[in-house]
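J.: Mind looking over this structure? Questions follow.
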Amino acid sequence: MAKRVLLIEDEPNIIEAICFILSRDGWTVHTHADGTTALERLAAYPPDVVILDVMLPGRSGYDILQDVRHSPQLRHLPVLMLTARGQAKDRELAERLGVDHFMTKPFSNAEVLERVRALAGP
Amino acid sequence: MVSFNLLVAVALAYVAFLFLIAFAAERRAEQGRDAWMRSSTIYTLSLSIYCTAWTFYGAVGYAARSGLEYLTIYLGPTLVMVGWWWVLRKLVRIGRTHRITSIADLISSRFGKSTALGVIVTLLAVVGTTPYIALQLQSVTFSFSVFAEAAGREWQGTELTVAGLWVAAGLAIFTILFGTRNLDANERHHGIVIAIAVEAVVKLCALLAVGIFVVWGLAGGVRETLALIDASPIAAWKPSGSRWVALTFVSAAAIICLPRMFQVLVVENSDERHLGTASWAFPLYLFAMSLFVVPIAVVGLDRLPAGANPDLFVLTLPLAERREGLAMLSFLGGLSSATSMVIVATIALATMVSNHIVVPAWLSARSDGAMVSGDVRRVVVMARRLSILGVLALGYLYFRLSGGGAALAAIGLISFTGLVQVLPALIGGIFWRGATRWGAAAGLLTGFAVWAWTLFLPSFGEGNLMSATLMAQGPFGIGWLRPYGLLGLTTLDPVVHAILWSLLLNGAVFFLASILTFPTPLERLQGAQFVNVFEHSPGPRAWSTRSAGAEDLLVMSQRIIGASEAQALFQRAARRQGKEGYLPDVTPAFVEALERELSGSVGAATAHAMIGQITEGASVSVEDLIAVADEAAQIMEYSARLEEKSREQERTARALREANAKLTALSIQKDAFLSQISHELRTPMTSIRSFSELLRDGGIGPEGQARYAGIIHDEALRLTRLLDDLLDLAVLENGQVTLNRQEGRLSDLLDRAIAAAGAEGLAVRRNRAREAAVALETDLDRLAQVFINLIANVGKYCAAPRPELRIEVLEVGGRTAVDFIDNGSGIAPEDTELIFEKFSRLTDQGTAGGAGLGLAICREIMARLGGAIGYQPGRGGAAFRVTLPAREALAAE
């Protein structure tokens, strides 16, 4: 069974690009564009890897990450964070909150693929 | 034989000569060529007013009567100059820092600017100095009479008193002419100082000449003179230990307590460093003055008839030997000694009387408060002239009353003892912070009373003011109150007795009263400043000249308001004063104006403090005079100033805190702004990079290729738009935008905007006829940009199933406004303030495609055009009102 990725992102073009890259590699990609309901979506349907944007409508990616790490059920979920806010303190905050990997936009397609594979494990 | 008329002519010529010197010196000082006048030599010579006619004539008489005891009069000052010059230095520094005008001013100022103390010290000084002035009148009169006698005609009593009156009148005229030309006592009397320096040289030369004549011309050499001394009764004199100690102490104290000594030592001092020279040169001068005293006395006793007055040996010896030229020189020396003392003492006393008695009385009598400075100056000058006349009149009166009979030295000692009553308050005031005004006043009055009782009143002679019974048995028969036997102490010499009791009781009362009373706030402040004067004032420095002050002010001002600004300011001020260049005179008006100017940059308190540091002591003001008049007002003013300063500091601190908070907020905003820009730029770049990589790597069908290329293209456009918006906003915010004014109609402009907004599927409802009635004259392109933005926003954000926009034109407060109202859900009340800020996109929906700069740009544009834009809550959907610029929006019909 194909591994699942949940992409939480609100920028349509970026969603399309990531979906294409991962699908082509054999992943099942689901997307979710709203911050407020993201956690429910995760709890209802836990993926193998989460790709999380920071600036989301309703709720920020940091808040979602914090809740994920505090949730007994989702605590070990691999999270790849993507953000267009490239400052050092953004990375620091994400790492403090327990992100597995942090990437700054714009990214290279190959790197996203490689990271998702690594996070999903064998 | 010297005729009496010739003598008078010579005396007058000499006085005229002094007058000329003083006049020339004043002229040079006015022209600024007075550097040599402020030399340490002149300063030292001016101190020689210590050597009065008492020293010139009286020392010889003193030696003839009491042997070497006369030396105590020289010993005291020498000890002070050599060993205690640091006390003098402190006095000079205090005098300079606090612009002290007299010894009464010093005491008054130290003890909280007390009017009462000023009056007490002034009265004490007048009473104490009066015998001394009488002494000078007496000696000059005697010297005239000696010449008259030598010419073969002995003077009668009336002739003596008439001559005394003439001498007093002459001195009064000279002193008034030169002592009251300047109002400010700190503007030192250059002319007088130079004249007394010349007199110092004349009297020293005269005495040395007589001495040399006596030793080598009459006695026949040093060895013979010594032999004569050994044979004379002077050698047999047994010195009294208590008298030596007491007299040395009194004359040591006198050098700082005598009003005239204080005048030359402190007030006329132009440079603290001159004290260093004076500390060895003045004792040397005293030594030279005392060198031939004993030989003259001995030879006089030896050669002159038994009844001859030893006080006049200096004159009578040359006359008896028919050396008329020498006698004339000696006469001029005596005249110099007397005149220089009287002039300086009178000036010092007149300053005190006018500053501490006349002017305060005049000011409190005129309570209307409306004073112009010229008014006060005239009063002060007049007060000083009258005081000079008054002081000399008193001196003359004492001369008449005392009958001119007492020995010169005795009168001198009475005067000294009275004047040194200031000593405890003076020394206590500058070394002990605990000293209070009550202590000073009580001590002074006690000392004064004891002195008057035990020495001054008895000096008029038994039976004159005090009856013989009173002297012998005390008042009402109370034995322990006898003037010469206070508390039963009858074994002492009257002078020593008086010195001991007056100073002892004075000091004890001063100390006890100070301990038992509390100082006022102003007293505390003055006390601290006096006692710690070296910590409060800058190091030794010559009196600052006016132009140096201006330069310092310029340097400081440049630091505060910038070089070109400051220079322009100073140049303007200088031009107003009719001067070239950048350095105006430091007048009070200029300082005030400058302070106001600087206050604008650093706040009033700081500007005041900074200017105060530089101009301290340089500006002339009426305030000083008023301060003497009303001490209470002074204290209130002081505390008000303190409060004002602390309020000022509070205000400054608050302003700083606010500025700091603003800066922090700004830096946070700037941070957020950069973060936002980063986000807005990176988002389209991410799509571009990702899809271009896909295209590059291949393996995508033609359909996909076309689609991805389209995305890349759109995102590139989005980037361009964003950059355009950012630049536009930056230009608008910096105010660099140039408006391109055109005329047009609102209806046409809205047509254009709706078309350009590209909001397909948006229903727009408008009243075109109403719009057509509005004529515009403004930057139409910018206004259209605002409209486009608002219309496009409806397309982007209106969540209604069938978006609809209503455009209404209306008159609001005499101005035309255009409302844009959609049928969406509107904007939450808490967000209505936020939407006009940069990057304030509320929903953060990528679909909207904007970066959140649109409304910020609209707000800037409307501000530039002279209109406004605002959100209108409660209108159904989102509603924006654009208020058109006032004057350009005139109705066409």
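The values are calculated or read from the model by the stated rules, or taken from the named source; none is laboratory data. For clarity, every value in this text was computed on a predicted model and none was experimentally measured. Glycine also receives a Cβ, built like all others from the backbone with ideal geometry; neighbour counts cover every protein chain displayed. What goes into the accessible areas is simple: the full protein's heavy atoms, side chains included, and nothing from ligands, DNA or RNA. Shrake-Rupley method; radii C 1.70, N 1.55, O 1.52, S 1.80 Å.
J.: Just checking, does the stretch A:29-39 include any residue being in contact (Cβ under 8 Å) with a residue 60 or more places away in the chain and more than 12 Å from chain B (Cβ to nearest Cβ)? It would help to see each step written out before you state the result.
T.: Here is the first cut: in the stretch A:29-39, the residues in contact (Cβ under 8 Å) with a residue 60 or more places away in the chain are none.
For the stretch A:29-39, residues in contact (Cβ under 8 Å) with a residue 60 or more places away in the chain and more than 12 Å from chain B (Cβ to nearest Cβ): absent.
J.: Of the conditions (1) assigned to a helix (DSSP H, G or I); (2) open to solvent by less than 70 Å² (accessible area, probe 1.4 Å), A:Arg85 satisfies every one except a single condition; which number is it?
T.: (1)
J.: Next question, about the same structure. Can you find even one residue in the stretch A:20-27 that is charged (D, E, K, R), open to solvent by 50 Å² or more (accessible area, probe 1.4 Å) and in a loop (DSSP other than H, G, I, E, B)? Steps first, please.
T.: Within the stretch A:20-27, the subset charged (D, E, K, R) is A:24-25.
Now narrow it down to the ones that are open to solvent by 50 Å² or more (accessible area, probe 1.4 Å): A:24-25.
Subsequent filtering for residues that are in a loop (DSSP other than H, G, I, E, B) retains A:25.
For the stretch A:20-27, residues charged (D, E, K, R), open to solvent by 50 Å² or more (accessible area, probe 1.4 Å) and in a loop (DSSP other than H, G, I, E, B): present.
J.: Please go through the stretch B:752-784 and give me each residue that is within 21 Å of B:Ile857 (Cα to Cα), open to solvent by 50 Å² or more (accessible area, probe 1.4 Å) and either modelled with pLDDT of 90 or more or in contact with an Asp or Glu (Cβ under 8 Å, 6 or more places away or on another chain) (or both), ordered by number. It would help to see each step written out before you state the result.
T.: So the first thing to find is which residues in the stretch B:752-784 are within 21 Å of B:Ile857 (Cα to Cα), and the list is B:752-759, B:776-784.
Imposing the further condition that a residue be open to solvent by 50 Å² or more (accessible area, probe 1.4 Å) reduces the set to B:752, B:755-756, B:777, B:781.
Listed by number, the list holds a single entry, B:Glu777.
J.: Next up: Being in contact with a helix residue (DSSP H, G or I) (Cβ under 6 Å, 6 or more places away or on another chain) and of a type in the set (D, E, K, R) is true for just one of B:Arg752, B:Arg766, B:Arg741, B:Arg721. Which residue is that?
T.: Only one candidate passes the filter, namely B:Arg752.
J.: For the stretch B:207-223, which residues satisfy the criterion of being surrounded by fewer than 15 Cβ atoms within 10 Å (Cβ to Cβ) and over 57 Å from the mean Cα position of the chain (by Cα)? Working first, answer last.
T.: Applying the first criterion (surrounded by fewer than 15 Cβ atoms within 10 Å (Cβ to Cβ)) to the stretch B:207-223 yields B:212, B:216, B:220-223.
The answer is B:Gly220, B:Gly221, B:Arg223.
J.: Mind listing whichever residues of the stretch A:51-96 are free of Cβ contacts under 8 Å to residues at least 12 places away in the same chain and under 21 Å from A:Lys3 (Cα atoms)?
T.: A:Arg75, A:His76
J.: Might you let me know whether the stretch B:528-537 holds any residue that is in a helix (DSSP H, G or I), over 30 Å from B:Ser639 (Cα atoms), within 19 Å of the chain's Cα centre (by Cα) and modelled with pLDDT of 75 or more? Spell out the reasoning first.
T.: Our first condition is that a residue be in a helix (DSSP H, G or I); within the stretch B:528-537, this holds for B:528-531, B:533-536.
Checking the rest, the ones that are also over 30 Å from B:Ser639 (Cα atoms) come to none.
No.
J.: Additional query: Answer with yes or no whether A:Leu93 is under 11 Å from the mean Cα position of the chain (by Cα), surrounded by 15 or more Cβ atoms within 10 Å (Cβ to Cβ) and not in a loop (DSSP other than H, G, I, E, B).
T.: no
J.: Something else now. Just for strands (runs of 3 or more DSSP E) wholly inside the stretch B:693-800: which have at least 2 residues that are farther than 17 Å from B:Leu884 by Cα? Quick ask: steps written out before the conclusion?
T.: Working: elements: B:742-745, B:763-766, B:775-778.
Qualifying strands (runs of 3 or more DSSP E): B:763-766.
Matching residues to (1) at pLDDT 85 or above; (2) closer than 18 Å to B:Gly418 by Cβ:
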| site | (1), (2) |
| --- | --- |
| B:Trp438 | yes, no |
| B:Trp480 | no, no |
| B:Gly485 | no, no |
| B:Leu489 | no, no |
| B:Pro494 | no, yes |
| B:Leu503 | yes, yes |
| B:Leu512 | yes, no |
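J.: Name the residue, out of B:Asp697, B:Asp714, B:Asp671, that is among the charged types (D, E, K, R), within 12 Å of chain A (Cβ to nearest Cβ), open to solvent by 30 Å² or more (accessible area, probe 1.4 Å) and within 58 Å of the chain's Cα centre (by Cα).
T.: B:Asp671
J.: Provide a single number: the residues in the stretch A:2-19 that are in a strand (DSSP E or B) and either open to solvent by 10 Å² or more (accessible area, probe 1.4 Å) or closer than 14 Å to B:Gly704 by Cα (or both).
T.: Keep residues of the stretch A:2-19 that are in a strand (DSSP E or B), which gives A:4-8.
So of that shortlist, the ones also either open to solvent by 10 Å² or more (accessible area, probe 1.4 Å) or closer than 14 Å to B:Gly704 by Cα (or both) come out as A:4.
Of the residues in that region, 1 qualify.
J.: Can you confirm whether the stretch B:675-686 contains a residue that is at pLDDT below 80 and either away from chain A (no Cβ under 14 Å) or surrounded by fewer than 16 Cβ atoms within 10 Å (Cβ to Cβ) (or both)? Walk me through how you get there before you give the answer.
T.: Restricting attention to the stretch B:675-686, the residues satisfying the condition of being at pLDDT below 80 are B:675-676.
Still in the running and either away from chain A (no Cβ under 14 Å) or surrounded by fewer than 16 Cβ atoms within 10 Å (Cβ to Cβ) (or both): none.
No: zero hits.
J.: Quick check: is even one residue across the stretch A:51-70 farther than 20 Å from B:Thr683 by Cβ, more than 14 Å from chain B (Cβ to nearest Cβ) and outside any helix (DSSP H, G or I)?
T.: No - not one qualifying residue is present in the stretch A:51-70.
J.: Continuing with the same structure: For the stretch B:791-831, give me the residue count where each residue is open to solvent by 50 Å² or more (accessible area, probe 1.4 Å), out of contact with any Ser or Thr (no Cβ under 9 Å at 6 or more places or on another chain) and closer than 22 Å to B:Ala868 by Cα.
T.: 6
J.: When both residues are 6+ apart or on different chains and their Cβ atoms are under 8 Å apart, which pairs have a first residue that lies in the stretch A:97-109 and is within 14 Å of chain B (Cβ to nearest Cβ), and a second that is at pLDDT below 90 and in a loop (DSSP other than H, G, I, E, B)?
T.: A:Thr104/A:Ala84; A:Thr104/A:Gly86; A:Lys105/A:Ala84; A:Lys105/A:Gly86
J.: Would it be correct to say that A:Leu74 is assigned to a loop (DSSP other than H, G, I, E, B) and away from chain B (no Cβ under 14 Å)?
T.: Working: assigned to a loop (DSSP other than H, G, I, E, B): yes; away from chain B (no Cβ under 14 Å): yes.
So A:Leu74 fits the description; yes.
J.: If you go through the stretch A:1-21, how many residues are more than 12 Å from chain B (Cβ to nearest Cβ) and in contact (Cβ under 8 Å) with a residue 12 or more places away in the chain? Full working, then the answer.
T.: If we filter the stretch A:1-21 for residues that are more than 12 Å from chain B (Cβ to nearest Cβ), which is where we start, we get A:1-8.
Next cut, in contact (Cβ under 8 Å) with a residue 12 or more places away in the chain only: A:2-8.
Selection size over the stretch A:1-21: 7.
J.: Which pairs have Cβ atoms under 9 Å, sit 6 or more apart or on different chains, and link a residue in the stretch B:801-816 that is at pLDDT below 90 to one that is hydrophobic (A, V, I, L, M, F, W, C) and open to solvent by 80 Å² or more (accessible area, probe 1.4 Å)?
T.: B:Thr816/B:Leu890
J.: Quick one: in the stretch B:165-207, of everything that is closer than 23 Å to B:Leu312 by Cα and not aliphatic (A, V, I, L, M), which residue is modelled with the highest pLDDT?
T.: Selected residue: B:Cys205.
J.: Here are the criteria: (1) in contact with a helix residue (DSSP H, G or I) (Cβ under 9 Å, 6 or more places away or on another chain); (2) open to solvent by less than 30 Å² (accessible area, probe 1.4 Å); (3) within 14 Å of chain A (Cβ to nearest Cβ). Tell me which single one B:Leu732 does not satisfy.
T.: For B:Leu732, the failing item is (3).
J.: When the stretch A:99-122 is examined, which residues are found to be on the phi < 0 side of the Ramachandran plot and not in a helix (DSSP H, G or I)? Outline the logic, then answer.
T.: Within the stretch A:99-122, the subset on the phi < 0 side of the Ramachandran plot is A:99-120, A:122.
Of everything in the stretch A:99-122, those that are on the phi < 0 side of the Ramachandran plot and not in a helix (DSSP H, G or I) turn out to be A:Val99, A:Asp100, A:His101, A:Phe102, A:Met103, A:Thr104, A:Lys105, A:Pro106, A:Phe107, A:Ser108, A:Pro122.
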